[in-house]
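Colleague: One structure follows; several queries about it will come next.
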Amino acid sequence: MNQQALRIALVGDYNSGIIAHQVIPLAIDIAAKAVNVDVSFSWIPSSSLASNHLSKLSEYQAIWCVPGSPYKSMEGALNAITFARVQLIPFLGTCGGFQHALIEYARNVLCLPESDHLESNPHASLPLIAPLSCSLSETTGVIFLKHGSTVEKIYSQTKIIEAFNCNFGVNPDYQHLLETGSTIQITGVDEVQNVRVIELDNHPFFIATLYQPERSALQGVCHPLIRAFIQAASKPYRKD
C-alpha cells in the first residue's frame, strides 16, 4: 500500500445513531483495500466550516458530504461543497449531501440564491428540495443511468438497484432548472424520471446520489461508486 494515506473529509455532523455514519468508515475501508491504497478520514462538523475556516479542507484529497441533514450549519455544508467544486477536489455527496450539492449549484452557478430546502426552511420561495411524493425511508429502488455518463461507466451498466433512507429530493416543479444546458448533469433517474444521481462536467470527480451507496458495507460489499471515488482521490490533480 501507499506509504502516505489519502485523507478524506467527511463533512457532516457525526451521530452514532445514524446507520450511514456507522457504515461509511467500513465502506471506505473495504474500497481502499480493493484498490490497494491506505485511506484515513476525519469527521468535519458543518458548523466548523465558516467562510474563514475552509483552509482546513486543503489538507484532504477528497470530500464526502454525508447523510444526516438538516446539518447544524447549512452554510458550512454548502461552503465545503463549493470548495470541492471550485478547487476540483473529488467530491461525493450521498442523501443529504446530494440535496445540498444541488442547492449549492443552484445558488452559486445558476444564480438562484433563494434556492432552499423545505426541511430547514419551510417558507422557502424557491424550494428546490422538497418532500418526496413517496418516502424512500429504508427502501430500495431501481435507477436508470444515463448512457455515456461517468456513473454509468463506473457501474458498467445502465440499470441498478440501490438502498435509500430519505424523505426529501428534487422538487419536480424545479427540475427543469437542472435541464437547461448547465454543467450539471442528471445522470440517474427512477421509473418516473425523478432525479436520483447528478454529476458535474469538467471536474475530476463530482457525483451525488440520493441513495446511500455506503450501505453496501452492511453486506461487506465493495461499492463501485465508493471505489471510484477513492481512485479519483489517489490522483494528484487539483486546481492550483
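The values are calculated or read from the model by the stated rules, or taken from the named source; none is laboratory data. No experiment lies behind these values; they were computed from the predicted model shown. All Cβ positions, even for glycine, are placed from backbone atoms using ideal geometry, and neighbour counts span all protein chains on display. All accessible areas refer to the heavy atoms of the entire protein, side chains included, with ligands and DNA or RNA removed. Shrake-Rupley method; radii C 1.70, N 1.55, O 1.52, S 1.80 Å.
Colleague: Compute the projected area of the convex hull of the Cα atoms of the range 20-74, averaged over all viewing directions, and report it in nm² to one decimal place.
Modeller: One quarter of the hull surface, i.e. the mean projection, equals 4.2 nm².
Colleague: Please work out the C-alpha center-to-center distance from the range 193-233 to the range 93-138 and express it in whole Å.
Modeller: About 19 Å separates the Cα centre of the range 193-233 from the one of the range 93-138.
Colleague: Using the eigenvalues of the Cα gyration tensor, what equivalent ellipsoid semi-axes result for the chain when each is taken as the square root of five times the eigenvalue, whole Å, largest first?
Modeller: Working through the eigenvalues yields semi-axes of 24, 21, 18 Å.
Colleague: Hey, another quick one. Kindly list the residues of the range 69-102 that lie in the label zone of ASN167, defined by a backbone N under 14 Å from the point 7 Å along the Cα-to-C-beta vector.
Modeller: Within reach of a label on ASN167, which here means backbone N under 14 Å from a point 7 Å along Cα→Cβ, the range 69-102 contributes 69-70.
Colleague: Using a cut-off of under 16 Å, list every residue of the range 138-172 whose amide N is near the label point 7 Å from the Cα of LEU118 along the Cα-to-beta-carbon line.
Modeller: The answer is 166-172, whose backbone nitrogens lie closer than 16 Å to the label point.
Colleague: Would you mind computing, in nm to one decimal, how far apart the modelled labels at ILE19 and HIS147 are, each placed 7 Å from Cα along Cα→Cβ?
Modeller: 3.5 nm
Colleague: Right, another one. Can you find, among PRO213, LEU110, HIS100, the residue sitting farthest towards the positive end of the charge dipole of the chain, where Lys and Arg contribute +1 and Asp and Glu -1 at Cβ?
Modeller: Value: PRO213.
Colleague: With every protein chain left in place, what is the accessible area per residue of the range 1-76 in square angstrom, probe 1.4 Å?
Modeller: Values: 3560 Å² over 76 residues.
Per-residue accessible area for the range 1-76 comes out at 47 Å².
Colleague: In terms of the Cα gyration tensor, with a ≥ b ≥ c the square roots of its eigenvalues, is the range 136-240 rounded because a/c is under 1.5, prolate because a/b exceeds b/c, or oblate? Before the final figure, lay out the partial values.
Modeller: Working: a/c = 1.76, a/b = 1.07, b/c = 1.65.
Here the range 136-240 falls in the oblate category.
Colleague: A further question on this structure: Quick one: Karplus J couplings for the range 44-53, per residue in order, coefficients 6.51, -1.76, 1.60, θ = phi - 60°, nearest Hz, x for Gly and Pro?
Modeller: 10, x, 4, 5, 8, 10, 5, 3, 7, 10
Colleague: Which cross-chain or sequence-distant (5 or more) residues have an amide H under 5 Å from the amide H of SER69, H modelled 1.01 Å from N in plane?
Modeller: Amide H to amide H, under 5 Å and 5 or more residues apart or across chains, SER69 pairs with GLY96.
Colleague: Hey, another quick one. If each DSSP helix of 4+ residues adds -39,500 (n - 2.57) and the sum is divided by the residues in the chain, what number results at 222 nm, nearest 500 deg cm²/dmol?
Modeller: The helix-only estimate for the chain comes to -7500 deg cm²/dmol at 222 nm.
Colleague: Please report Rg (one decimal) and Dmax (integer) in Å for the Cα set of the range 99-165.
Modeller: 15.0, 41
Colleague: With a/c under 1.5 counting as rounded, go ahead and sort the range 178-240 into rounded, prolate or oblate using the C-alpha gyration tensor (a ≥ b ≥ c being the square roots of the eigenvalues; past the cut-off, prolate if a/b is larger than b/c, else oblate).
Modeller: Because a/c hits 1.5 or more and a/b fails to exceed b/c, the range 178-240 counts as oblate.
Colleague: Let me ask something else about it. Write down the Å³ per residue value for the convex hull defined by the alpha carbon atoms of the range 37-160. The partial results should precede the final answer.
Modeller: Working: hull volume 18.8 nm³, N = 124.
With only Cα atoms used, the range 37-160 gives 152 Å³ per residue.
Colleague: Step through the residues of the range 128-141 one at a time and calculate ³J(HN,Hα) from phi using the Karplus curve (6.51 cos²θ - 1.76 cosθ + 1.60, θ = phi - 60°), rounding each to whole Hz and writing x for Gly and Pro.
Modeller: Calculated HN-Hα couplings, in order: 5, 10, 9, x, 5, 5, 10, 4, 10, 6, 6, 10, 10, x Hz.
Colleague: Spin-label point model (7 Å from Cα, Cβ direction): what's the VAL86 to CYS222 distance in nm?
Modeller: 3.6 nm
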